[in-house]
């Protein structure tokens, strides 16, 4: 946990899922200059006179060093060849607020945990809270705290977030006649009467039942940028260079800076040497 302006935050976790290697990037560069014979890598030199077979392709993709790529990256700034190397990361626990920053990086592939399809437990907790006059908001608060769904880690601050979520849902329920039909799957509606007065039993039954499809369509408005999201992102090496340059900077929004730092830690040295200046 780290505190920013008096509020504690958790940091994201990052794992490198896939890397394509730097060999294709050197092959591309050697193709540009017709300089295969000058490579320090045997398999690249052989490309001068032959097309690669599967074994050669495997060797190309396993290269760890390339003096030409280093020269092109840092001396001649011929960065287009870096676009032939790609890296994919699994990110856990960044915030919805970071997504707004991420969207400004045009050249990336990004797949994000969908609030449209993954809000069922939150809505189930609210519906269950409404079927016990004794607990209500307290039940909802306890359940949501257990979900560990915020990047902020201060319990009292998160209770304020949860209170806002509850109040929005409570207001919406007062305005919509068919609220429970919006909130739970049709097959689960009989559970509401079956477990009337027992919020915990109702919550567990709703969780075990069929999930309401696209439940977030009606309820996305209740959550804030403070909510954690998971995503898979893929950058080519040139775009990753731009991302690290802008987002690892001290001028960047602190949460995306943390993410960039974790991505750098997960990135093998052979890539970092081509895109990050040594300090």
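The values are calculated or read from the model by the stated rules, or taken from the named source; none is laboratory data. All figures in this text were calculated on a predicted structure; none of them were measured in a lab. Neighbour counts run over all protein chains shown; Cβ positions are idealised from the backbone, glycine included.
Tabulated data for the structure shown
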item	result
Flag if residue 82 is at pLDDT 95 or above and surrounded by fewer than 17 Cβ atoms within 10 Å (Cβ to Cβ)	no
Residue within segment 100-115 that is over 19 Å from residue 257 (Cα atoms) and surrounded by 15 or more Cβ atoms within 10 Å (Cβ to Cβ) present	yes
Top-ranked residue in segment 99-147 [being part of a helix (DSSP H, G or I) and touching a strand residue (DSSP E or B) at 6+ places or on another chain (Cβ under 8 Å); ranked as nearest to residue 164 (Cα to Cα)]	99
Test: residue 193 is surrounded by fewer than 15 Cβ atoms within 10 Å (Cβ to Cβ), over 18 Å from the mean Cα position of the chain (by Cα) and touching a residue at least 12 places away in the same chain (Cβ under 8 Å)	no
